[in-house]
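The structure appears below as structure tokens.
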Amino acid sequence: MGALPKRKLGKGRKGRRRSHLALKAQNLVSCPKCHELHIPHQVCPSCGYYKGIDVLQLKSK
């Protein structure tokens, strides 16, 4: 048999243990070319620009 707890853990203790599991807001930066917000260190989804280079050739609508 495995180890079993002698007493029930309280709700506060459970909450303190899980406090780091909360979702955090996504950090966004503006694109230097089109000024749309996107995730840092990723290709801009609106214009395909990354680090001074047009990486993706996006179709115009």
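The values are calculated or read from the model by the stated rules, or taken from the named source; none is laboratory data. Every value quoted in this text rests on a predicted model; they were computed, and no experiment measured them. Glycine gets a Cβ as well: all are built from the backbone with ideal geometry, and neighbour counts include every protein chain shown.
Take Gly12 and tell me if it is on the phi > 0 side of the Ramachandran plot and not basic (Lys, Arg).
No: the conditions fail for Gly12.
Output the residues belonging to segment 15-52 that are aliphatic (A, V, I, L, M) and exposed (fewer than 10 other Cβ atoms within 10 Å of the Cβ).
Going through segment 15-52, the residues aliphatic (A, V, I, L, M) turn out to be 21-23, 25, 28-29, 37, 39, 43.
Answer for segment 15-52, where residues must be aliphatic (A, V, I, L, M) and exposed (fewer than 10 other Cβ atoms within 10 Å of the Cβ): Leu21, Ala22, Leu23, Ala25.
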In segment 12-30, anything within 30 Å of Cys44 (Cα to Cα) and part of a helix (DSSP H, G or I) is listed as His20, Leu21
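Kindly evaluate Val55 against the criterion of being surrounded by 11 or more Cβ atoms within 10 Å (Cβ to Cβ), within 21 Å of the chain's Cα centre (by Cα) and either modelled with pLDDT under 90 or on the phi < 0 side of the Ramachandran plot (or both). Give the derivation first.
Details: surrounded by 11 or more Cβ atoms within 10 Å (Cβ to Cβ): yes; within 21 Å of the chain's Cα centre (by Cα): no; either modelled with pLDDT under 90 or on the phi < 0 side of the Ramachandran plot (or both): yes.
No, not satisfied.
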